[in-house]
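The values are calculated or read from the model by the stated rules, or taken from the named source; none is laboratory data. Because the structure is predicted, anything quoted here is derived from the model rather than measured. Here Cβ is always computed from backbone atoms with ideal geometry, including for glycine, and neighbour counts include all displayed protein chains.
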Amino acid sequence: MANKDGKTEYVGMNSVIHKALEWVLSIFHITLVKEKQSSFEQFVRFCIVGLSNTLLSYAIYAATVFILQKSDLFPKGDYFIGNVISWVLSVAWSFYWNNRFVFNEEKRSGEQIFFSLIKCYASYAFSGLILTNILSWVWIDKLGINRYIAPFINLIISVPVNFFMNKFWAFSNKKTNK
């Protein structure tokens, strides 16, 4: 839903996140200033989008690897191909939901959305293609970890990298010079 300022709001979900965070912080007797709480709630929303993105990405990755293994196509590179296909589709999914649900501080023009999409693909190219494929190669080829488990290990590194790259670059509100 859009409010009178043109901002997209998910009132119910934001309220649940806010109340859950207040409850968890109260258990540990922690109080956050409003700005810190808002940033933390944004990170929680990012993690929710990330969870849905991870499930989608993994399903596409596993299906691709399975199909390539069954057809005996690219037996040594099946996980690379699975990473690329799942990356292309999951970045589009992630961008859509991060733009609408996580980093929606102001209404963006079509041009701003386009440049955010380009920056999003560029940042995920680093973390989702380069970093993930290097880590997958280490886990699978060098350490012998199962190719269906390696993507979960990659998340430990890629999730924080993705959040900061999205927050401070891809969805940054700073004006860029053309």
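General remarks:
- Residues (touching a Phe, Trp or Tyr at 6+ places or on another chain (Cβ under 8 Å) and either under 15 Å from G128 (Cα atoms) or hydrophobic (A, V, I, L, M, F, W, C) (or both)) located in region 34-46: F43, F46
- Residue match in region 64-85 (condition: buried (at least 19 other Cβ atoms within 10 Å of the Cβ), of a type outside the set (V, I, T), under 22 Å from L21 (Cβ atoms) and touching a residue at least 40 places away in the same chain (Cβ under 8 Å)): no
- Residue match in region 143-161 (condition: under 15 Å from Q42 (Cα atoms), more than 14 Å from the chain's Cα centre (by Cα) and surrounded by fewer than 16 Cβ atoms within 10 Å (Cβ to Cβ)): no
- Flag: F103 matches the condition of being in contact (Cβ under 8 Å) with a residue 40 or more places away in the chain and out of contact with any Cys (no Cβ under 8 Å at 6 or more places or on another chain).
- Within region 1-33, if we keep just the residues that are modelled with pLDDT under 75 and basic (K, R), the residue that is surrounded by the most Cβ atoms within 10 Å (Cβ to Cβ) turns out to be K7.
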